[in-house]
1. Measure up 233/278; 332/373; 116/455; 26/174; 258/332 against 29 Å on the Cα-Cα distance and list the ones that go over.
2. If packing is taken as the mean number of other Cβ atoms within 10 Å per residue, what is the order of 267-280, 398-411, 369-382, highest first?
3. If packing is taken as the mean number of other Cβ atoms within 10 Å per residue, what is the order of 186-194, 446-454, 389-397, highest first?
4. Of all DSSP beta bridges in the chain, what percent run antiparallel (nearest 5)?
5. Give me Rg over Rh for region 368-468, both radii from the alpha carbons and Rh done the Kirkwood way, two decimal places.
6. Out of the total accessible area of the chain (probe 1.4 Å, heavy atoms of protein only), what percent is carbon and sulfur?
7. Can you give the helix-only mean residue ellipticity at 222 nm for the chain, where every DSSP H stretch with n ≥ 4 adds -39500 (n - 2.57) and the sum goes over all residues, rounded to the nearest 500 deg cm²/dmol?
8. Need the full-extension length gain, residue 450 to residue 225, defined as separation in residues times 0.36 nm minus the C-alpha distance. One decimal, nm.
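The values are calculated or read from the model by the stated rules, or taken from the named source; none is laboratory data. These numbers come from a predicted model, not from an experiment. Methodologically, a virtual Cβ is constructed for each residue, glycine included, from the backbone with ideal geometry; neighbour enumeration extends over all protein chains shown. Note: accessible area is taken over every heavy atom of the protein model, side chains too, but ligands, DNA and RNA are not part of it. Shrake-Rupley method; radii C 1.70, N 1.55, O 1.52, S 1.80 Å.
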Amino acid sequence: MNKLLKRILLTVFLSGIFISANSNDKTIKIPVPPRPDGATDLIGFSLDPIDTVRVGFVGLGMRGADAVERFTYIPGSKIEAICDLVPERVDSSISYLKRHNIELPATYSGEENSWKALCENPNVDLVYIATDWQHHVPVALYAMQQGKHVAIEVPSAFTLEDIWALIDTAESNKLHCTILENCVYDDFELNTLNMAQNGLFGEILHTEGSYIHNLEPFWDRYYNNWRLDYNSKHRGDLYPTHGAGPAFQLLDIHRGDKMNTLVSMDTKVAGIPLWLEKKGREVPENYKNGDHTMTMIKTENGKTIQIQHDVVNPRPYSRMYQLTGTKGFANKYPIEGYAFDADQLSEDSIPDHENLSYHKFVTDEQKNTLIDKYQHPILKEIGPKAKEVGGHGGMDYIMDYRLIYCLNNGLPLDMDIYDLAEWCAITPLSEISIENGSAPVEVPDFTRGAWNKVKGYRHAGINRETTKP
């Protein structure tokens, strides 16, 4: 028996996956567990409006402390409680709130499980989780068990077991469980999504996304080395959601289409050992995460998605963000641009269109005309305020604003529990594929059959004027 077959059989045994009985189908099948008794899907899920959303923040490191500060600018919310293992971080956030004359929240710190008391606080409506990766799911599950909505930093979960636990708990308790993915709110992504929803690109056939970000300057900033430690023990795309979120929204995933099959491969390990040697540190034995990971996905409707991950090599930052449609093309990195089939544009849509072709981007003047015409309604509403408050150019503020706005108004959230599941599932599924010789892996339907109930992705509560190309 060869080594590859042994590895496949071992993975099957440990993970509960299996190879199709059809000898012509080498796809690794991933079982979908039954829905808990009494639970229903949460497609289009909303609850009664919450006039003031009382938020408890768990984790006040690099992301959490900034979130507390942003929430001083979010209408319809109140900073009800804050928690961190390290007391000095709690003290720092309290000092900030005092300086800005904000009513002080309840505080929790000093103990490994201090966050449990925050989740039990009857005055908290929403638990905002910005801890290290290992605590995302335990905090979220416990918070939902206490009747709280949860919002989880990225990536929200890393194993299929944890993803299903989040889905089952949210469905059983009829609670929101959302992912805090900010990149879907960047200006270019929002405006391009609006253009796509207005048909400017025709039928979208292929999208791309990535997280290309050399983390060398940041590895030492993660408490107890938790991020590098996780990379050392796992293969696959460990940070897929920045690229996946915008790419999946363009293709209406679980809103009329779904992922069917995934294939991943990675390069050998090289960058981290070089960095550790430069620092005079010991290189972990059998460091697992390859420098560059590539994942290809095929959807039910015959579309394709490419997602990449590289956090160790000296490449310029990139989330790729690219779409190819029958009538147009969009690209964000390294150059923002649009290209179109000239025949489908009218003179009042864009100037000098007679010289356009799919071989080149439109001019800067033409691009600006497009952006003016198709600026996303969210950017029209709060774009200037987002730039003023900041947070990755304002997209952090928009992410928080939209979360609270939807809860205030009793609307479905922009990102539901199935978005969280699908975007995060790239991590364990890519690892399964790579560990089995880049075998195709079946992507579970996390909606359990409800992926076609809603047709087309939309932001709830947005008054959209359709602009025909």
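1. Too far apart for the 29 Å limit: 116/455; 26/174.
2. 398-411, 369-382, 267-280
3. 186-194, 389-397, 446-454
4. 50
5. Reported Rg/Rh (Cα atoms, Kirkwood Rh): 1.08.
6. Percent of accessible area from carbon and sulfur atoms in the chain: 49.
7. -10500 deg cm²/dmol
8. Taking residue 450 through residue 225 to full extension adds about 77.0 nm, to one decimal.
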